[in-house]
Amino acid sequence: MILEAAVACLARRKGEIYGKKAFQKYMYFLSSRGVPLPLTFRIYHFGPFSRELDEQMEHFEMLGAIQTRLREGGRSGASPYVVITPGKNADEIIGGADEFVECYGPVIEDVVRRLPSEPLELELLSTVHFVAESIRALSGSNFSDKKETVSEVLKIKKDKFDESKVSAAFDDLVKWEWLPAPATGESPRGAV
């Protein structure tokens, strides 16, 4: 029930999550911040994605951890998207997971507080984080490599984000201590 509790807790603390892709990114960051979720994330077109999480969305909704509704796209011609909100049993699920909430509630709160609601910004931050951590794991380093991370993200995302946005996202993740600082002495831009 850890996964269900994490889903219900995220939905309750966030209120509204704009799309399944955004939901994936919040869950990715919960996992990367140490919440023990039985999920594997891989890089896909819109950033980190867990097939297990996607396959369980109906289960979470049937359980009452979340509810979903379709919302028409805001811009002219924009596609409709799913809005995820707390389900009718979210509080009961959270209440039955006191130990989990006591241990991981502050992490969930931090993720909700720091991350933007805008799906495109979530895509950028999660992709930068995923790539930086993958590079770090492959190199065996204790430090993040900003230059290589920015370069790889630009290759993956093509023209979707410019170099300054990717660099700023990396700096934010370092500032929040969600990535270790680069070894080169590069410091993130001023505090937000």
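Residue by residue through region 85-105, note down the ones that are of a type in the set (Val, Ile, Thr) and within 9 Å of residue 9 (Cβ to Cβ).
First, the residues of region 85-105 that are of a type in the set (Val, Ile, Thr): 85, 93-94, 101.
93, 94, 101, listed by residue number.
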Exercise. Does any residue of region 16-23 turn out to be farther than 20 Å from residue 123 by Cβ and either out of contact with any strand residue (DSSP E or B) (no Cβ under 6 Å at 6 or more places or on another chain) or of a type outside the set (Asp, Glu) (or both)?
Worked result: no
Exercise. Would you say residue 52 is among the acidic types (Asp, Glu), modelled with pLDDT under 95, surrounded by fewer than 19 Cβ atoms within 10 Å (Cβ to Cβ) and over 11 Å from the mean Cα position of the chain (by Cα)?
Worked result: no
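The values are calculated or read from the model by the stated rules, or taken from the named source; none is laboratory data. Given the structure is predicted, the values throughout are model-derived calculations rather than measurements. For neighbour counting, all protein chains shown are included, and Cβ atoms are generated from backbone atoms with ideal geometry for every residue, glycine included.
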